[in-house]
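*Asks:* Pasting a structure here, questions to come.
Throughout, read-outs are computed from the coordinates displayed, never taken from laboratory work. This structure is a prediction, so every number in the text was calculated from the model and none was measured. Positions of Cβ are generated from backbone atoms using ideal geometry, with glycine treated the same way; all protein chains shown enter the neighbour counts.
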Amino acid sequence: MPEKEHAKLIIIGSGIAGLTAAIYASRANLNPLVIEGIQPGGQLTITTEVENYPGFPEGIQGPELMDKIHKQAEKFGTKFIYGTVTHVSLNTPPFEIEVEDKKYTCDALIIASGASARLLGLSSESLLMGHGVSACATCDGFFFKDKEIAVIGGGDSAMEEAIFLTRFASKVTIIHRRQEFRASPIMQERARQNPKIQFILNKTVSEILGTPETGVQGLRLKDTVTGKESIFPCQGVFLAIGHIPNTDVFKGKIELDEKGYVITQGKSTRTSVYGVFAAGDVQDSVYRQAVSAAGSGCMAALDAQHYLEEQEFKRK
C-alpha cells in the first residue's frame, strides 16, 4: 500500500447515515471510501427488533438491516476499510485522515461517526442489551406493553423517556442517584402528574438481574446514603443518562457545540470547514432515529457531490 491512499470522498462511520451516504455517493461515481470504525454498522447492530423503519411491515433485526444496507453500498462500488480514525488534518484540501498506522487523503469528507449512549458500565448491562435493556424509548418502547419498567437518569431526557413509555408500560419508575433531579421544573412537573410514573431517589444500579433467555427480571439497587442494597423487580430498563457524540478526534479541527456535536449550517450538512460535511447522530442531538440518520446521509452525499462538481469546474 502506498504511504497515502487518495479517494475523492471519504466517509467516516458505517452506521445507517454513513452507509446511506455511501450508496448515494457510489451511484454518483464518487468512489467513496468508508472507514468503518470500532462498531461497524453503528448503534443498530445492538438493536434487536426494528419495527419503525419504512419498508419492513413485519419488522427486521437491527444487524440484518445494517447487513442489507452494507451489501447495497458494496454493490455500487463502495470500498470499506476497518479501523479507527486517530488523527485528521482539515486545514486545506486534500484532507488527511490517519487510521491507526495508515494515512488517507480525500477531496471531500463526510463525518458520520455517530454518538454513543452513556452506559452504566455493568457487565450485566452488556449481557442484557437488546434483551430488556435499551437506550432508546422511541425505538423499543412498543415491546414493553403492560410491563413494569425502570428509567435510569435525572435529566430532561429521563423525564421525556418515562412519559413516552407510559403509553405502553403499566408502570414506569424513574431511578436517580441523587435527591434532586437535573431536569427542568416543567418536565419534572409533567412526570409527577402522570399517574403511571413513580420515583426512587438516592439509588444507583449495581446489577441488572436476568438472562438473555428470561429478559430483565429486576435491579439490584444501592442506597447512596446508607449503602444498603435492595432488589427492585421490573421487566425492562431504559438508560437515559445522555449520549456522547463520537467527535474527540475532531476537537479543535471543526466547530462543535457545547456538548460536542458537529454544527451544520442551516438546512445543509455543511460544517465550518469547506468541503467537510456531517450526517447522522454525530450532528443530531434531538431525533437520533434510523430514518432521520439515513435522510441526513443522503443529504451529505448530495452536498458532497455538488461541492466536488464545483471544485472540478473551478479547475477547468
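*Asks:* For every other residue with a beta carbon closer than 10 angstrom to the beta carbon of SER113, add +1 if it is Lys or Arg and -1 if Asp or Glu, then tell me the sum.
*Replies:* Once all neighbours under 10 Å are counted, the net charge is -2.
*Asks:* Starting from 0.36 nm per residue, how many nanometres of slack lie between ILE244 and LYS314 once their C-alpha separation is accounted for? Can you show the working numbers first?
*Replies:* Numbers: separation 70, 0.36 × 70 = 25.20 nm, distance 3.86 nm.
That pair, ILE244 and LYS314, stretches by 21.3 nm at full extension.
*Asks:* Given 0.36 nm per residue, what is the gain on full extension from ARG27 to LYS4 after removing their alpha carbon distance, in nm?
*Replies:* Numbers: separation 23, 0.36 × 23 = 8.28 nm, distance 2.50 nm.
Full-extension gain reported as 5.8 nm.
*Asks:* What order, most packed first, do the peptides 297-303, 163-169 have when packing is the mean number of other Cβ atoms within 10 Å of each residue? Working shown, then result.
*Replies:* Details: 297-303: 24.7, 163-169: 19.6.
Output ranking for 297-303, 163-169: 297-303, 163-169.
*Asks:* Share of antiparallel DSSP beta bridges in the chain, in percent to the nearest 5? Write out the running numbers ahead of the final one.
*Replies:* Details: 30 of 63 bridges.
About 50 percent, rounded to the nearest 5.
*Asks:* Give, as a single signed number, the net charge of other residues whose beta carbon lies under 14 Å from the beta carbon of PRO57, with Lys and Arg counted +1 and Asp and Glu -1.
*Replies:* -3
*Asks:* How big is the stretch 119-239 by the Kirkwood estimate over distinct Cα pairs, in Å? All intermediate terms of the calculation are to be shown ahead of the outcome.
*Replies:* Values: mean 1/r = 0.0708 Å⁻¹.
Result for the stretch 119-239 stands at 14.1 Å.
*Asks:* Determine, from the Cβ-Cβ distance of PHE143 and ASP257 and an R0 of 30 Å, the FRET efficiency 1/(1 + (r/R0)^6), rounded to the nearest 0.05. Walk me through the numbers on the way to the answer.
*Replies:* Working: r = 32 Å, r/R0 = 1.08.
That pair, PHE143 with ASP257, gives E of 0.40.
*Asks:* Once you have the Cα-Cα distance between LYS79 and ASN202, take 0.36 nm times their residue separation minus that, and quote the gain in nm to one decimal. Don't skip to the answer; put the middle values down first.
*Replies:* Values: separation 123, 0.36 × 123 = 44.28 nm, distance 5.00 nm.
Between LYS79 and ASN202, full extension yields an extra 39.3 nm.
*Asks:* If we count every other residue with Cβ under 12 angstrom of ILE11's Cβ, Lys/Arg +1 and Asp/Glu -1, where does the sum land?
*Replies:* Values: positive: LYS8, LYS79; negative: GLU36.
Net charge around ILE11: +1.
*Asks:* List the GluC sites (Glu not before Pro) within the stretch 202-267 that fall in a DSSP loop (any state other than H, G, I, E or B) and whose Cβ has at most 15 other Cβ atoms within 10 Å. Walk me through the numbers on the way to the answer.
*Replies:* Working: sites: GLU207, GLU213, GLU229, GLU255, GLU258; in loops: GLU213, GLU255, GLU258.
Passing both the DSSP loop test and the Cβ count: GLU213, GLU255, GLU258.
*Asks:* Going highest first, how would you order 66-74, 109-117 by mean Cβ packing within 10 Å? Please report the intermediate quantities before stating the final value.
*Replies:* Numbers: 66-74: 17.6, 109-117: 27.2.
Listed from highest to lowest mean packing, they are 109-117, 66-74.
*Asks:* At 7 Å along the Cα-to-beta-carbon direction for both THR86 and ARG192, put a label point, then send me their distance in nm to one decimal.
*Replies:* Taking the simple label geometry, THR86 and ARG192 are separated by 5.2 nm.
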